1. Taking one equal scatterer on every alpha-carbon of the stretch 86-143, how large is log10 of I(q)/I(0) by Debye at q = 0.13, 0.19, 0.21 1/Å?
2. Of 302, 193, how do they rank once you tally other Cβ atoms within 10 Å and put the fewest first?
3. Going by average Cβ neighbours within 10 Å, how do the peptides 97-107, 224-234, 77-87, 172-182 rank, with the highest at the top?
4. Which of the peptides 216-223, 159-166, 239-246, 138-145 is most tightly packed, and how do the rest follow, judged by the mean count of other Cβ atoms within 10 Å per residue?
5. Can you tell me how the stretch 197-318 classifies by the Cα gyration tensor, rounded, prolate or oblate, using a/c under 1.5 as the rounded cut?
6. Taking a ≥ b ≥ c as the square roots of the eigenvalues of the Cα gyration tensor of the stretch 51-192, is the shape rounded (a/c under 1.5), prolate (a/b larger than b/c) or oblate?
C-alpha cells in the first residue's frame, strides 16, 4: 500500500466546558493527576511487549461490553499455525460481547465475496449477526465492483438504509459507523444531521482511516472534517484501523492539540493482518504496540468507558484509563 500523506496542522479551538471531576478519569482532580502523568508518557513497547498499564476506576452501573478490531482476515484458515484471524476470533468468542465493531479491511486482499466466505466466515463469521462493520480500502479493490463482496457478505447490516454509513444505539451510547473511503459532502451532511438528532449522553464513532497514526500510513487528513463535527458535538471516542498496530491517544482536538474536552482515538488494526512498523511517533500518542494480534474489549457504562487489549493468548496487553463522557 502507498503511505498516505500526513495531515497539516491548523489552529482552532472552542470554549472550555466546566468539569466537576477530572475529565479523563472521572475521579477527583488531585487523584487523577498521577493517572494523567502515567497515561501521558510516550511509551514504546517493542515486539508486542506491554508496559505496566495505568489503574482504572471501578466500573459504573448500566454497563455493557463490545469488541473492536480492524484489518482482520488474511487468506488463510486455522489449518495454518501462522494464521492469526482464527486466534483473534477465539478471543471474541470468550469475551461474548453485546456486539462487534470491525474497522475495515475485514477481508484481504480484494475483499471478494468468495474470499469472505472462504476465510472471514470461518472465524469472525461466527459473530456476523452481531457485527456492525465498516469498509476499508481493501473492500474497494473487489474486481466485481467497489464494496461488492463486502455488501453481499454483510447485507443490510452494513447498508441498513442503502448507504455504507449508519448509526445505532446501545444503552446510553450512540455509535456512528462511517465509510472513510468516501467522506463526501453527502456523508458529512448525514453525520451533522445524525449528531443533531442524537439524544444519548455518550457518542463513539468508527471508520477505517485514522486522522492520527504513528504507523506506516501515518496521519490521514481525509477524516479531519468528521473530527471537527464530532468534537463540536462533544463526542468521546474514535476507533480506526488501516495501520496494522495498536495505538491509543490522549484526548485531543482535530488539530492534534492535547485537549481534555477532545476525542480519544484508539487505533486497533491488529485483528489478523501482517503487522506494520512504527514510523513516526505522533504527539499525544500514549501507547503503541506492534507484532501483537488481538482484539479490544471495550467496557461502556452510562457515563464513561475504558478498554483493554486482549492478546491471542487471552492476556491483557494494555489497559486504558477510565474516561467520563463529556
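Any read-out appearing in this document is the output of simple, stated calculations on the displayed coordinates, not a laboratory observation. Just so it is clear, the model here is predicted, and its values are computed rather than measured. Neighbour counts are summed over all protein chains in view; Cβ atoms, including those assigned to glycine, are modelled from backbone coordinates with ideal geometry.
1. Cα-only, vacuum Debye calculation for the stretch 86-143: -0.32, -0.66, -0.79.
2. Values: 302 16, 193 10.
The order, fewest Cβ neighbours first, is 193, 302.
3. Details: 97-107: 25.3, 224-234: 18.7, 77-87: 15.2, 172-182: 22.3.
Top to bottom by mean Cβ count within 10 Å: 97-107, 172-182, 224-234, 77-87.
4. Details: 216-223: 20.2, 159-166: 15.2, 239-246: 28.2, 138-145: 17.2.
Most protected by this proxy first, the peptides run 239-246, 216-223, 138-145, 159-166.
5. Details: a/c = 1.94, a/b = 1.28, b/c = 1.51.
Judged from the Cα gyration tensor, the stretch 197-318 comes out oblate (a/c at least 1.5, b/c at or above a/b).
6. Details: a/c = 1.93, a/b = 1.10, b/c = 1.76.
Judged from the Cα gyration tensor, the stretch 51-192 comes out oblate (a/c at least 1.5, b/c at or above a/b).
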